[in-house]
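The values are calculated or read from the model by the stated rules, or taken from the named source; none is laboratory data. Given the structure is predicted, the values throughout are model-derived calculations rather than measurements. Counting neighbours? That spans all protein chains shown, and the Cβs are built from the backbone with ideal geometry, glycine included. When the accessible area is computed, the model is the full protein with side chains, heavy atoms only, and any ligands, DNA or RNA have been set aside. Shrake-Rupley method; radii C 1.70, N 1.55, O 1.52, S 1.80 Å.
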Amino acid sequence: MAIHIKGGRVIDPGHCDGMFDLYIENGKILKMVTPGAAPKDMSVDQVIDATGMLVLPGLIDMHVHLRDPGFEYKESIETGCRAAVHGGFTAVCAMPNTRPVNDNRQVTEYMIRMANQAGFARVYPAAAISVGSKGQALSEYGDLKDAGAVALTDDGLPVENGQMMRRALEYAKGFNLPIISHCEDMSLAAGGCMNEGVVATRLGLPGIPNISESIMVMRDIGLCELTGGRLHIAHVSTEESVQAIRDAKKRGVPVTAETAPHYFTLTEAAIVDFDTHAKMNPPLRTEKDRAAICQGLADGTLDVIATDHAPHSPLEKNVEFNMAANGIIGLETALPLSLKLVTDGVLTLDAMIRKMTINPASILGIPTGIREGGIADITIIDPDREYILKADELYSKSRNTPFDGWTMRGKALYTLVNGRVVYKEPS
Ligand code: DOR
Ligand code: ZN
């Protein structure tokens, strides 16, 4: 199956930005030529007209909960990967808080096998730092890497014990695996269900202070500096965390960090109606924090935009606010929300694309880019396509998004994985 993508603006940050035609065959980008310069003796089976569109390396989401094995009523590897390609993502990093926890090669291999069978996005599993993510004993990093794990994390839970985190960073360093840290001091966060502050007081809900996140960011930066291991901070939500990471990077500490679209789009004000679709961990913060997140993205302190796609069923969301599960789905809203940063002048288009392609790829050590001979994982987007987001039309098995009914701008029209069209926007 040979595919010709013609007339689009091809952007691969640091490598190319211009009008090129792509010829794809056998999963690879065979030729990248100036428009009209058709390669000789090549028969094409499908022509994709990308006139007026952006042709990008496939988007990569390095923080996704696929819930499979164990919680398939929320999401399965198949539905999650379908949602991914619908949102323009060609690869996702799957978090290990499944049942059983992904702390062994059987689960890692299962995730990759199921993703291959589904045939949508690629899945790169992150395995657990500790056995059962219980923070008591390290899992077998060499074995997990050999099975296909690309990172280690106990995400959903912090590694509370400092000694454990130190050993994890040291042990992972030997395998060149990043440690993705969910930063939360449980004693400071205890009992809270939204950001600590006036809104929580008004609603009568117990709060989670900024310091519960930033104190752990600071601890982990200290341990990263001590060990020289690779540290990646997950879902940054506070101004103080951004500042700590900025200072650490200035000192040359090998730390990277991500934030999620909800932290640069929403604030705690989204919770005024006790809307559990605005409940996640860490919680939505204040406008001051949101602005600091934008600043951190703009100056490069925050390397990656990742969704923390966290599907939950209505059973877990249509309950009292303090009882509701943490998390929102994100795979099918991340692209327009991130493009908004470009229209708002927070990020250049180049920087936005980097944070959703080459930066996560380099942290995880996975392929990306649009090069002759490279893998044909490609997203073709219309940055100007406007539509109303309807939660019940999403491909994810879950519906827990605070963006239902929002007018969105920017849509993936075609998603190609390994040279195959795995998503095409209905015309
Ligand atoms: O909101 C969240 N949801 N935060 C987490 O840390 C875990 C995640 C989940 O697994 O639902
Ligand atoms: Zn997560």
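Data for the structure
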| quantity | calculated |
| --- | --- |
| Accessible area per residue, Å², the range 206-286 with all protein chains present, probe 1.4 Å | 31 |
| Inverse mean reciprocal Cα-Cα distance (Kirkwood Rh) of the range 222-292, Å | 13.3 |
| Label-point separation, LYS424 to ASN26 (7 Å along Cα→Cβ), nm | 2.4 |
| Relative compactness, the chain, computed as alpha-carbon Rg over 2.2 N^0.38 Å | 0.94 |
| Most to least accessible of ILE211, ILE378 (protein chains only, probe 1.4 Å) | ILE211, ILE378 |
| Pairwise label distance in nanometres, GLN295 with ASN161, each label 7 Å out on the Cα-Cβ vector | 3.8 |
| Contour minus Cα-Cα distance for ALA2 and ASP146 (0.36 nm per residue) | 48.5 nm |
| Descending Cα extents along the principal axes, the range 204-337, whole Å | 45, 32, 26 |
| Rounded percent of accessible protein surface that carbon and sulfur make up, the range 21-176, 1.4 Å probe | 48 |
| Peptides ranked, highest mean first, by Cβ atoms within 10 Å: ranges 7-13, 45-51, 280-286 | 280-286, 7-13, 45-51 |
| Using θ = phi - 60° and Karplus 6.51 cos²θ - 1.76 cosθ + 1.60, couplings along the range 151-158 (whole Hz; Gly, Pro as x) | 6, 10, 7, 9, 2, x, 9, x |
| Global geometry of the range 284-366, whether rounded, prolate or oblate, following the gyration tensor of its Cα atoms and the 1.5 cut on a/c | prolate |
| DSSP beta bridge pairing in the chain, given as percent antiparallel to the nearest 5 | 50 |
| Folded to 0 to 90 degrees: helix 211-227 orientation relative to the chain principal axis, Cα | 70 |
| Accessible surface of the range 215-309, 1.4 Å probe, proportion on carbon and sulfur as whole % | 56 |
| Rh (Kirkwood; distinct C-alpha pairs) - the range 1-50, Å | 11.1 |
| Under Karplus coefficients 6.51, -1.76 and 1.60, residue-wise ³J(HN,Hα) of the range 61-75 in Hz, glycine/proline x | 10, 8, 8, 9, 9, 8, 6, 10, x, x, 10, 5, 6, 8, 6 |
| Nearest-ten-degree value, helix 77-86 long axis tilted from longest Cα axis of the chain | 60 |
| Relative contact order %, the range 203-277, counting alpha carbon pairs below 8 Å whose residues are six or more apart | 31 |
| Linear extension gain, ASN326 paired with ARG251, 0.36 nm per residue minus alpha-carbon span | 23.6 nm |
| Residue-normalised accessible area of the range 83-169, given per residue in Å² at a 1.4 Å probe | 36 |
| Shape of the range 379-423, Cα gyration tensor, a/c cut at 1.5 | oblate |
| Theoretical FRET efficiency, 1/(1+(r/R0)^6), r = Cβ-Cβ of ASP41 and LEU389, R0 35 Å, to 0.05 | 0.20 |
| Residues whose placed amide H lies under 5 Å from that of ILE328, excluding near-sequence neighbours | ALA310 |
| Distance in nm between pseudo-label sites at LYS288 and LYS134 (7 Å out along the Cβ direction from Cα) | 4.1 |
| Whole-Hz ³J(HN,Hα) from phi, Karplus 6.51 cos²θ - 1.76 cosθ + 1.60, for the range 174-191, glycine and proline x | x, 10, 6, 9, x, 9, 9, 9, 8, 8, 7, 8, 5, 6, 7, 7, 2, x |
| Anisotropy class of the range 89-208 from Cα gyration tensor, a/c 1.5 cut | oblate |
| Charge dipole magnitude, Cβ of K and R +1, D and E -1 - the chain, Cα centre, debye nearest 20 | 540 |
| Acute angle (nearest 10 degrees) that the helix 239-250 long axis makes with the longest principal axis of the chain, alpha-carbon atoms | 70 |
| Linear extension gain, ILE211 paired with GLN106, 0.36 nm per residue minus alpha-carbon span | 34.1 nm |
| Over the chain: helical MRE at 222 nm, DSSP H runs n ≥ 4 each giving -39500 (n - 2.57), nearest 500 | -8500 deg cm²/dmol |
| Accessible-area composition of the range 340-427, carbon plus sulfur, in percent [1.4 Å probe] | 48 |
| Heavy-atom accessible area ranking, 1.4 Å probe, most first, across GLU25, GLU160 | GLU160, GLU25 |
| LYS28 accessible area, 1.4 Å probe, all protein chains in place, Å² to nearest 10 | 90 |
